[in-house]
Amino acid sequence: KALSAALTAGVIVALLLGGVAVHTKLQARAQQAFAQRMGEEVRGIEGLLRFAHLVPMHDIRPEIAQVRARMSGIQTLMAKQPKAIQGPGAYALGRGHIALGEWAEAHAQLQRAWDLEYRAPEVAYSLGRVLGERYWQGLSEIRKIEDPELRKTRTIALQLATKAPALAHLRAA
């Protein structure tokens, strides 16, 4: 009886582990497919804005509206995905915000992708790029501070908050 119980328990454990492995593999495939679709969206958004900026001077608000509509579509698609697969969508939204020059929003979305365990090299690079831009923006604000002690304190805080993580993400990319 003891041998039979041990064999039964072993079979049950093996089946559970196999089920977990199959689930993990299916989830990875779904994330890969979603990531590919989001990559196409990113290329479309960036291409649209690049073209808008290359043609003769004109009002680019219609192109910006198209980008925002595509980003809204990405949010709708993300809502239909399990949380574990939403990382590529957050990455795509982050890249859309970069293309629009919205650095704080880009940082929030890219950090969300990172926190959702979507840690592809392009995410690390984009996070490094955004943090670097925020570092330079912060430095330009700090230069306006007249008090040298306060300027030094804010510079150190800025370096810790943006420069060091930016470099770490760029190295990881």
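Go over the candidates Gly10, Gly18, Gly44, Gly39 one by one and state the one that is among the small types (Gly, Ala, Ser), part of a helix (DSSP H, G or I) and over 30 Å from Gly87 (Cα atoms).
Details: Gly18 fails: over 30 Å from Gly87 (Cα atoms); Gly44 fails: over 30 Å from Gly87 (Cα atoms); Gly39 fails: over 30 Å from Gly87 (Cα atoms).
Going through Gly10, Gly18, Gly44, Gly39 in turn, just one is among the small types (Gly, Ala, Ser), part of a helix (DSSP H, G or I) and over 30 Å from Gly87 (Cα atoms): Gly10.
Quick one: would you say Leu7 is open to solvent by 100 Å² or more (accessible area, probe 1.4 Å) and hydrophobic (A, V, I, L, M, F, W, C)? Steps first, please.
Values: open to solvent by 100 Å² or more (accessible area, probe 1.4 Å): yes; hydrophobic (A, V, I, L, M, F, W, C): yes.
For Leu7, the condition - open to solvent by 100 Å² or more (accessible area, probe 1.4 Å) and hydrophobic (A, V, I, L, M, F, W, C) - is met.
When residues of region 119-137 are filtered for being polar (S, T, N, Q) and open to solvent by 30 Å² or more (accessible area, probe 1.4 Å), how many remain?
Taking region 119-137 first, the residues polar (S, T, N, Q) are 126, 137.
Okay, now just the ones that are also open to solvent by 30 Å² or more (accessible area, probe 1.4 Å), so 137.
The number of residues fulfilling the criteria is 1.
Considering only region 1-55, how many residues are of a type in the set (A, V, I, L, M) and more than 33 Å from the chain's Cα centre (by Cα)?
Qualifying residue count for the region: 11.
Restricting attention to region 61-76, and to residues there that are buried (at least 16 other Cβ atoms within 10 Å of the Cβ) and of a type in the set (A, V, I, L, M), which single residue is farthest from Arg37 (Cα to Cα)?
This residue is Val67.
Any residue in region 66-81 that's within 22 Å of Arg29 (Cα to Cα): show its pairings with residues that are assigned to a helix (DSSP H, G or I) and open to solvent by less than 60 Å² (accessible area, probe 1.4 Å) at Cβ separation under 6 Å, as long as the two are six or more apart or on different chains.
These pairs meet every condition: Ile74/Glu41; Ile74/Gly89; Ile74/Ala92; Ile74/Leu93; Met78/Gly89.
Here are the criteria: (1) open to solvent by less than 30 Å² (accessible area, probe 1.4 Å); (2) at pLDDT below 95. Tell me which single one Ala173 does not satisfy.
For Ala173, the exception is condition (1).
Considering only region 79-118, how many residues are charged (D, E, K, R), buried (at least 16 other Cβ atoms within 10 Å of the Cβ) and outside any helix (DSSP H, G or I)?
0
For region 76-91, check the following and say yes or no: at least one residue is among the aromatic types (Phe, Trp, Tyr) and either modelled with pLDDT under 95 or more than 27 Å from Leu127 (Cβ to Cβ) (or both).
So the first thing to find is which residues in region 76-91 are among the aromatic types (Phe, Trp, Tyr), and the list is 91.
Remaining after also requiring either modelled with pLDDT under 95 or more than 27 Å from Leu127 (Cβ to Cβ) (or both): none.
No: region 76-91 contains no residue that is among the aromatic types (Phe, Trp, Tyr) and either modelled with pLDDT under 95 or more than 27 Å from Leu127 (Cβ to Cβ) (or both).
The values are calculated or read from the model by the stated rules, or taken from the named source; none is laboratory data. As the structure is a prediction and not an experimental result, all values here were calculated from the model. Don't worry about glycine lacking a Cβ; one is built from the backbone with ideal geometry, like all the others, and counts go over all protein chains shown. Ligands, DNA and RNA are stripped out before the accessible areas are found, and what is left, the full protein with its side chains, is counted by its heavy atoms. Shrake-Rupley method; radii C 1.70, N 1.55, O 1.52, S 1.80 Å.
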